């Protein structure tokens, strides 16, 4: 309704209204997670969590504890293991068969691009022990994961609603009023509409529909018409949004499936897979993008390797810049392509916690690229300096849904213990104000909602985050320690510490 001084605002307060005093701490626009897998993360809250287990013995202890305390589970399902926890960068089937001999197990890597399964799971799926030459037995990459995933126990609609309720409570506790679901959105529309109708939705969500390779032009036009009808069926409101398509251009660096312009540092150009795995045939992504752009869709493309990032930028060359097309992740772009984000009006949607210089980054990610390419990793400051727009998110459950941990990495390029001194690729450190903008106004711009959210202004949505301290006076080394005191969505307090 208004923004002003204490005197101005208190003069407007009606009798009986509750007044919340931030006591000198920061009152700011609510945070907006520009890239999250909210359904996946919400479902995973009840499963085996391997996040943060940095060694194979630590991973095995987590598995043993979960198996012992959940004897009722038909399948052992979990996620979050780091490649760097295992000698050679990948787990093996022998260890999982030893740990879980009596029932099937399906454990996704932290990035959700690789699965570790045991023999019982492979037998149920009717699969061989390995899906590709050179891949350890019990390890499935990318599309091969579907062979086992389709046999997992499926949650009921009420189970999914309960999972999302738990996810929303977690999001609110971190100051989030909005999230942008990066894919599989068509199947989720009904769930969120049901929560909205019941008055249970405490978070705004934008749902991305899937954009897949392998469809000819006619099939893709039919799919776009299906998506148009689904989007129009969502009643116009400030809570559930659509209008965006999500494509994958490649995989990830650690498993060698990110598409790269030069061979991986640990491979010969003649080796199979030395240049990664582009998911689209040459020219196919550009054709699909042009068709969707002509129909008014915004498009976001997962692109991690420099070849995939270039292909995505090339695909957007002939598009309408007012669509605000996006590239997600942008882990290892070629220096020559950094200025193209601003030139093409393409948003750089990035997740700073991926760049935390942990053992996984330094021991698994960087060696696969080699020192020269790795030194250009996650160049958010360079993109911003060249005039590009940034939008930040978490990529939960790939990493924790932790905006202030994200701010710490964006500003310091260090672990929480302050390593390395000066920051990993310290030239890419951001000012606090720029990192906060990427989590608020930048994310709102990226979802084409910047006229309604992302700032505290009269007439905009009353989505507000209240912190436990003065954000701008907080030392950079303490950003990850910031806590949320309260989260307000649409004028309603949905979380209080």
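Rule-based calculations on the coordinates, nothing more; no lab input. Just so it is clear, the model here is predicted, and its values are computed rather than measured. Virtual Cβ from ideal backbone geometry, glycine too; neighbours counted across all protein chains shown.
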Worksheet entry | Order of 37, 232, 184, 302 - criterion: other Cβ atoms within 10 Å of each residue's Cβ, fewest first | 232, 184, 37, 302
Worksheet item: In percent, how large is the relative contact order of the range 58-110, given Cα pairs closer than 8 Å and 6 or more residues apart?
Response: 50
Item to complete: Taking the Cβ of each residue in 495, 86 as the centre, tally the other Cβ atoms inside 10 Å and list the residues starting with the fewest.
Response: 86, 495
Discussion item. Below 8 Å between Cα atoms, with a sequence gap of 6+, how large is the relative contact order for the chain in percent?
Written reply: 18
Item to complete: With label points built 7 Å along Cα→Cβ from the Cα atoms of residue 261 and residue 10, find their separation and express it in nm.
Response: 6.0
Response to the item:
Classified through the alpha carbon gyration tensor (a ≥ b ≥ c as square roots of its eigenvalues; rounded if a/c is under 1.5, else prolate when a/b is larger than b/c, else oblate), the chain comes out rounded
Practice prompt. For the range 41-149, give the share of DSSP beta bridges that are antiparallel, in percent and rounded to the nearest 5; count only bridges with both residues there.
Written response: 45
Worksheet item: By how many degrees, between 0 and 90 and to the nearest 10, does the Cα long axis of helix 284-294 differ from the longest principal axis of the chain?
Response: 20
Worksheet item: In degrees from 0 to 90, rounded to the nearest 10, what is the angle of the helix 217-232 Cα long axis to the longest principal axis of the chain?
Response: 30
Worksheet entry | Residues of the range 222-239 with amide N under 19 Å of the 7 Å Cα→Cβ point at residue 187 | 223-224, 226-228, 230-231
Worksheet, complete the sentence: Using alpha carbon centers only, the range 28-69 is separated from the range 410-458 by a whole-angstrom value of 24
Item to complete: Rounded to the nearest 0.05, what FRET efficiency do residue 64 and residue 427 give with R0 = 45 Å and r taken as the Cβ-Cβ distance? Could you check?
Response: 0.55
Worksheet item: Which percent, to the nearest 5, of DSSP beta bridges fully inside the chain are antiparallel?
Response: 30
Practice prompt. Please sort 262-269, 380-387, 106-113, 273-280 by packing, taking for each peptide the average over its residues of neighbouring beta carbons within 10 angstrom, highest first.
Written response: 106-113, 273-280, 380-387, 262-269
Worksheet entry | Kirkwood-Stokes translational diffusion coefficient of the range 41-149, alpha-carbon pairs, 20 °C, 1.002 mPa s, µm²/s | 157
Worksheet entry | Degrees separating the helix 157-173 axis from the principal Cα axis of the chain, which is the longest one | 60
Discussion item. If you average the alpha carbon positions of the range 267-294 and of the range 138-177, how far apart do those two centres end up, in angstrom?
Written reply: 28
Item to complete: Assign one of three labels to the range 146-288, namely rounded, prolate or oblate, based on the Cα gyration tensor with a ≥ b ≥ c the square roots of its eigenvalues; rounded applies when a/c is under 1.5, prolate when it is not and a/b is larger than b/c, and oblate otherwise.
Response: prolate
Worksheet entry | Ellipticity estimate at 222 nm from DSSP helix runs (n ≥ 4, -39,500 (n - 2.57)) divided over the chain, nearest 500 | -8500 deg cm²/dmol
Discussion item. With a cut-off of 8 Å between alpha carbons and a minimum separation of six or more residues, what is the relative contact order of the range 48-203 in percent?
Written reply: 16
